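Asker: Before we start, here is the structure in question, set down as structure tokens.
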Amino acid sequence: MAVNGNSNTGTNGAGDGGWRESDSDTFVDWGGYFVPHRDSQIRIICDLVAPAGNGDGYVELCCGAGHLGEALLRAHPRARLLALDGSATMRRVSRQRLEQFGDRAEVAAFDLADGGWRRLPWAPLAVVSSLAIHHLDGDQKRRLFADMYGALKPGGSLIIADLVEPTTRPSRAVAAWTWDAAVRQQAMAHDGAGDPYRRFVELDWNLYASGEPDPADQPSPLLDQLNWLTEANFVDVDVHWMLGGHAVFSGRKAA
Ligand SMILES: C[S@@+](CC[C@H](N)C(=O)[O-])C[C@H]1O[C@@H](n2cnc3c(N)ncnc32)[C@H](O)[C@@H]1O
């Protein structure tokens, strides 16, 4: 099913220069090494969502290969999940991962930047997203936060794990080396030779270290995003974790 009729071809809704199907292939293969402490980030999000009663559910924006969705449905056995992504490859892989949950999980196409899907079929108890909101520019993020506030069930949360923009040159350098070090450590733990780290460097994946950052990557400063959450009327706005330019932060819609 496509939410409001979106489909995708070679690139998804990010448009020209946006996320490509080849990026999906790369990320499916290497994401577990390229993301610092992915298991911890996933656990933090699972801990932060309000526990779901029967009929309640979560919506995931840009679900990728479905790792977060799988963890959410395991941690919250009465929850359902609507997992959205613009990439056909990602939807295929996440459907395979989530089929174990039967009709508790639905995977659908959407374009993150589009407004149509934001009239969601049911009010979620949480909207979650990992490593995707940075494909929107600042104004689009601001609008997304306001729209998600409108879509959420009272008491529900918007929980984001994402790349954030360092505000100074030294803090960019810190983000670059701390991300690099985390990937090197994860790669060494994997095979003792660090092959995934070599791939990370070859692909120029660390946008804080890159001389030619991809224009599709538009991270915003963390403080701006916390302010946009507050402006959208979220309460309990907080940062839960941060390393290597990756942050997990959230806001709650008052009950
Ligand atoms: C870096 S991956 C992250 C995947 C997953 N959330 C994770 O953390 O493992 C970025 C994801 O965002 C999706 N994406 C990027 N731009 C998009 C857009 N404009 N509309 C829909 N999906 C988009 C990609 O297809 C991809 O699955």
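Asker: If I filter the stretch 163-184 for residues that are crowded, with 16+ Cβ neighbours inside 10 Å, closer than 21 Å to Ala50 by Cα and under 17 Å from the mean Cα position of the chain (by Cα), do I get at least one hit?
Answerer: no
Asker: I'd like to check something: does the stretch 211-219 contain any residue that is surrounded by fewer than 14 Cβ atoms within 10 Å (Cβ to Cβ), closer than 30 Å to Ser22 by Cβ and over 19 Å from the mean Cα position of the chain (by Cα)?
Answerer: Scanning the stretch 211-219, I find at least one residue that is surrounded by fewer than 14 Cβ atoms within 10 Å (Cβ to Cβ), closer than 30 Å to Ser22 by Cβ and over 19 Å from the mean Cα position of the chain (by Cα), so the answer is yes.
Asker: Could you list, in sequence order, the residues of the stretch 66-108 that are buried (at least 24 other Cβ atoms within 10 Å of the Cβ) and outside any helix (DSSP H, G or I)?
Answerer: Selection gives Gly66, Ala79, Leu81, Leu82, Ala83, Leu84, Asp85, Gly86, Ser87, Ala105, Val107.
Asker: Kindly establish whether Gly116 is more than 16 Å from the ligand (Cβ to nearest atom) and either under 18 Å from His240 (Cβ atoms) or small (Gly, Ala, Ser) (or both).
Answerer: So Gly116 fails the test.
Asker: Still on this structure, please answer the following. Which condition from (1) within 23 Å of Leu136 (Cβ to Cβ); (2) at pLDDT 95 or above; (3) crowded, with 16+ Cβ neighbours inside 10 Å is the one that Phe200 breaks?
Answerer: It fails just one condition, (1).
Asker: Asp111 - would you say it is within 20 Å of Gly57 (Cβ to Cβ) and either surrounded by fewer than 17 Cβ atoms within 10 Å (Cβ to Cβ) or near the ligand (Cβ under 9 Å from one of its atoms) (or both)?
Answerer: No: the conditions fail for Asp111.
Asker: Would you tally the residues in the stretch 119-172 being in a loop (DSSP other than H, G, I, E, B) and among the small types (Gly, Ala, Ser)?
Answerer: Summing the residues that are in a loop (DSSP other than H, G, I, E, B) and among the small types (Gly, Ala, Ser) in the stretch 119-172 gives 4.
Let's see how each residue does on (1) farther than 30 Å from Gly194 by Cα; (2) out of contact with any Ser or Thr (no Cβ under 7 Å at 6 or more places or on another chain); (3) within 9 Å of the ligand (Cβ to nearest atom); (4) modelled with pLDDT of 95 or more:
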| site | (1), (2), (3), (4) |
| --- | --- |
| Gly31 | no, yes, yes, yes |
| Val35 | no, yes, yes, yes |
| Arg38 | no, yes, yes, yes |
| Cys46 | no, yes, no, yes |
| Glu60 | yes, no, yes, yes |
| Arg74 | yes, yes, no, yes |
| Ala79 | yes, yes, no, yes |
| Leu82 | yes, yes, no, yes |
| Ser94 | no, yes, yes, yes |
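Asker: Just to check your reading of the model, which residue among Leu152, Leu131, Leu136 is among the aliphatic types (A, V, I, L, M), touching a residue at least 40 places away in the same chain (Cβ under 8 Å), away from the ligand (no atom under 16 Å from the Cβ) and surrounded by fewer than 23 Cβ atoms within 10 Å (Cβ to Cβ)?
Answerer: Answer to the check: Leu152.
Asker: Condition test on Pro213, is it closer than 17 Å to Gly244 by Cβ and within 16 Å of the ligand (Cβ to nearest atom)?
Answerer: Answer is yes for this residue.
Asker: Look at Asp224 and say whether it is assigned to a helix (DSSP H, G or I), acidic (Asp, Glu), modelled with pLDDT of 95 or more and surrounded by fewer than 19 Cβ atoms within 10 Å (Cβ to Cβ).
Answerer: For Asp224, the condition - assigned to a helix (DSSP H, G or I), acidic (Asp, Glu), modelled with pLDDT of 95 or more and surrounded by fewer than 19 Cβ atoms within 10 Å (Cβ to Cβ) - is met.
Asker: Considering each residue of the stretch 227-248, count those that are aromatic (Phe, Trp, Tyr), over 24 Å from Thr178 (Cβ atoms) and surrounded by fewer than 20 Cβ atoms within 10 Å (Cβ to Cβ), and give that number.
Answerer: So the answer is 0.
Asker: Further question on the same structure: Among the residues of the stretch 164-183, is any under 26 Å from Cys63 (Cα atoms) and free of Cβ contacts under 8 Å to residues at least 12 places away in the same chain?
Answerer: no
Asker: Assess whether Ala2 counts as being modelled with pLDDT under 95, away from the ligand (no atom under 11 Å from the Cβ), in contact with a His (Cβ under 6 Å, 6 or more places away or on another chain) and not charged (D, E, K, R).
Answerer: no
The values are calculated or read from the model by the stated rules, or taken from the named source; none is laboratory data. What you are looking at is a predicted structure, and each value in this text was computed from that prediction instead of being measured. Here Cβ is always computed from backbone atoms with ideal geometry, including for glycine, and neighbour counts include all displayed protein chains.
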